[in-house]
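Engineer: Pasting a structure here, questions to come.
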Amino acid sequence: MRGRQIPPPAAASSSRVVFAAVAALLVAALQPPPVAGVDVAAVLAAFPNLAAFTRLLASSPVAGELAGRSSLTLLAVPNGNLPQSPSAYAAASGADLADVLRYHVLLEYLAPADLRRLPASGKLVTTLFQTTGRAPADLGAVNVTAAGSSLAIVRSPAPFPGSNATVLGAITAVPYNLSVLAVDGLIVPSGFDLAASESRPPAAVNITKVLADARAFNVAASMLEASGVADEFEADERGAGITVFAPTDDAFAGLPAGDRLQSLPADRKAVVLRFHVLHSYYPLGSLESIVNPVQPTLATEFSQAGRFTLNITRANGSVAIDTGVVQATITRTVFDQNPVAVFAVSKVLLPKEMFSRSDSAIVAAASAPPPAALPAESPESAPTKLSSPPALRDTAGDANHTAAAAAAAAAAKPTIGRWCIALLYLLPLLLPLV
């Protein structure tokens, strides 16, 4: 009786090996591709209404800490909901701005559907701040709870009152990798006494000593000490704080030998020194995202309104300062501790009320011209405050959301395609053994 030919043991063994290999390839082909970290800055760059928050992230250590991380939820604050000075806001509660930003990074992917399924008691979610080791107990986490018409409320798990924020809506998502949600304000980590720190008078900072210790501001320190206006600066620190633009020794060296500044009487020199100071504390991030570019100086207080002002804009990646006769740039941060910020500037700031462009011509020729200032943003083009989730999901937002999902799906296609091609090559070898 003729029956089906039974393959010899060696052939059977070979067949089993091939089947096992094919099965392994199929399993590998069906596995999802490995999750890679998301470039958070690149994702946020597509949303102009988050430009200020994106700059805060980029200028802090948090940007580097996010590299390579996945399965995150970012609580982003739109431009219209950020305080004018985020650093001052954080410092007022005794917190560091970087830690406040870390508190906005949840180490878990939460889509809007996940928020709608939250239990009544809420859900405790760990933040990036918890990883620093500076958060006592579980105060590096946030409690996310459902809130009626809003998607959720995010608050501290501490028993005592703290800051909280309402989730306004979803901005975009890279599925299971990064979810970006808009919240209506900055959330300060628990454990800081906000009320006490706001009422505590800040210690005066000796600006002259700060400049002398920095070693590149000997001329500015000497002029400040001789003028007697240093006491005015320290008095102003106790109000809204101050921001000082300090010309370097090289900036003074760039002035012509017979410049009018050195020949001014003492009271007029004091006006020029006051012209280098804003009567508010502005860390660098706030200057980069300043809403009103025309800022009064301390010299404005001793004259008519609208005089002795500085035009401050962001240009080519740096902060540009235009006096009307001189254009300078901030070259570095010398000192930044609420309520005082001191920045080095590339030129001596000469007010147009006392100097003309001809007075500054030699100054301008002595050093490279600063980057051209960007035009000030008009009120019509300024970002508006977001008031409801639909406002967050505009056409551009939908397009970016779709693009992000398409990019994630496209990342898996090459991997599956390569396995399928490999199977096609193996089939001719497999069929004779069946």
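The values are calculated or read from the model by the stated rules, or taken from the named source; none is laboratory data. Since this is a predicted model, take the numbers as computed values, not measurements. A quick note on method: Cβ atoms are made from the backbone with ideal geometry, for glycine too, and the neighbour counts reach across all protein chains shown. All accessible areas refer to the heavy atoms of the entire protein, side chains included, with ligands and DNA or RNA removed. Shrake-Rupley method; radii C 1.70, N 1.55, O 1.52, S 1.80 Å.
Engineer: Looking at the structure I just gave you, is residue 89 farther than 18 Å from residue 189 by Cβ, surrounded by fewer than 22 Cβ atoms within 10 Å (Cβ to Cβ) and not charged (D, E, K, R)? Spell out how you get there, then give the answer.
Structural biologist: Numbers: farther than 18 Å from residue 189 by Cβ: no; surrounded by fewer than 22 Cβ atoms within 10 Å (Cβ to Cβ): yes; not charged (D, E, K, R): yes.
It is false that residue 89 is farther than 18 Å from residue 189 by Cβ, surrounded by fewer than 22 Cβ atoms within 10 Å (Cβ to Cβ) and not charged (D, E, K, R).
Engineer: Further question: Of (1) of a type outside the set (Gly, Ala, Ser); (2) open to solvent by 40 Å² or more (accessible area, probe 1.4 Å); (3) not in a helix (DSSP H, G or I), residue 65 satisfies all except one. Which?
Structural biologist: (3)
Engineer: Name the one entry in 161, 189, 157, 136 that is open to solvent by less than 10 Å² (accessible area, probe 1.4 Å), at pLDDT below 85 and in the same structural domain as residue 109 (by the TED database).
Structural biologist: Working: 161 fails: open to solvent by less than 10 Å² (accessible area, probe 1.4 Å); 157 fails: open to solvent by less than 10 Å² (accessible area, probe 1.4 Å); 136 fails: open to solvent by less than 10 Å² (accessible area, probe 1.4 Å).
Among 161, 189, 157, 136, only 189 is open to solvent by less than 10 Å² (accessible area, probe 1.4 Å), at pLDDT below 85 and in the same structural domain as residue 109 (by the TED database).
Engineer: Can you name the residue in the range 263-291 that is small (Gly, Ala, Ser) and open to solvent by 30 Å² or more (accessible area, probe 1.4 Å) and, of all such residues, is farthest from the chain's Cα centre (by Cα)? Show your work before the answer.
Structural biologist: Just the residues of the range 263-291 that are small (Gly, Ala, Ser), to begin with: 263, 266, 270, 280, 285-286, 289.
If we keep only those that are open to solvent by 30 Å² or more (accessible area, probe 1.4 Å) too, we end up with 263, 266, 280, 289.
Values: 263: 44, 266: 42, 280: 21, 289: 10 Å.
Looking at the filtered set, the residue picked out is 263.
Engineer: Then there's this: Just need a number here: residues in the range 292-337 that are assigned to a loop (DSSP other than H, G, I, E, B) and buried (at least 21 other Cβ atoms within 10 Å of the Cβ). Lay out the reasoning, then the answer.
Structural biologist: Going through the range 292-337, the residues assigned to a loop (DSSP other than H, G, I, E, B) turn out to be 292-293, 303-308, 316-317, 323-326.
Restricting the remaining residues to those that are buried (at least 21 other Cβ atoms within 10 Å of the Cβ) gives 308, 323, 326.
Matching residues across the range 292-337 total 3.
Engineer: Only one of 56, 124 is outside any loop (DSSP other than H, G, I, E, B) and open to solvent by 60 Å² or more (accessible area, probe 1.4 Å). Can you tell me which? Can you show your working first?
Structural biologist: Details: 56 fails: open to solvent by 60 Å² or more (accessible area, probe 1.4 Å).
Among 56, 124, only 124 is outside any loop (DSSP other than H, G, I, E, B) and open to solvent by 60 Å² or more (accessible area, probe 1.4 Å).
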